[in-house]
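Note sheet for the following structure.
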Amino acid sequence: MAIVAFNWNPTRRQLRGFGLLWLPLTLGGVGAVLAVKAIVTMPLLLAMGAGALLAVLGGLVAPRLLRPVFVGLALVTYPIGFVVSHVVVAILFFVFLTSLAVPMRLWGRDKLGLRFDRDARSYWVPRRGRAAVERYFWQY
């Protein structure tokens, strides 16, 4: 079983949302970048218009036609997301947790009681009293 499952069969609703939102935004973004760079030509405008029309019609009329585009883009971006997420988690771990853990170890803090004590007869922690039965139903 994979940690993250890849969506090979998106639902009709996902494809409709993809067609109506993401493709026109992407085409508009590409058009805006090209317009700023003054590389706007008539064939480019026609291609972008056709792409936008197909995206909207595909999103409204036949979302299943967008499945290859959806899966293809997901395949292209999946490795990027996988690497970036692992890098972010590693940075959070090493920057934040390590910067907290090193001073705690230097100062001798052992809040969980994990340090080995050769003189201890037992590691049993005595508790006082008994908890009420209702306590077991409290989430926190």
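Could you go through region 46-55 and let me know if any residue there is under 27 Å from Ala5 (Cα atoms), surrounded by 10 or more Cβ atoms within 10 Å (Cβ to Cβ) and either modelled with pLDDT of 85 or more or not acidic (Asp, Glu) (or both).
yes
Report yes if Leu34 is loosely packed, with under 14 Cβ neighbours inside 10 Å and either under 21 Å from Arg16 (Cβ atoms) or out of contact with any strand residue (DSSP E or B) (no Cβ under 9 Å at 6 or more places or on another chain) (or both), otherwise no.
no
Contact list please: Cβ distance under 9 Å, first residue in region 1-26 and of a type in the set (Lys, Arg) and at pLDDT 85 or above, second residue in a helix (DSSP H, G or I) and open to solvent by 90 Å² or more (accessible area, probe 1.4 Å), pairs at least six apart or on different chains.
Arg12/Arg64; Arg16/Leu60
Can you say whether Pro43 is loosely packed, with under 12 Cβ neighbours inside 10 Å and either out of contact with any Pro (no Cβ under 8 Å at 6 or more places or on another chain) or at pLDDT 80 or above (or both), as far as the supplied structure shows?
yes
Kindly indicate whether any position in region 85-101 is closer than 30 Å to Leu20 by Cα, in contact (Cβ under 8 Å) with a residue 40 or more places away in the chain, open to solvent by less than 70 Å² (accessible area, probe 1.4 Å) and not aliphatic (A, V, I, L, M).
No, there is no match, as no residue in region 85-101 is closer than 30 Å to Leu20 by Cα, in contact (Cβ under 8 Å) with a residue 40 or more places away in the chain, open to solvent by less than 70 Å² (accessible area, probe 1.4 Å) and not aliphatic (A, V, I, L, M).
The values are calculated or read from the model by the stated rules, or taken from the named source; none is laboratory data. Remember, it's a predicted structure, so these values are computed and weren't measured experimentally. Using ideal geometry, Cβ is built from the backbone for each residue, glycine included, and neighbour counts are taken over all protein chains shown. SASA here: full protein model, heavy atoms, side chains in, ligands and nucleic acids out. Shrake-Rupley method; radii C 1.70, N 1.55, O 1.52, S 1.80 Å.
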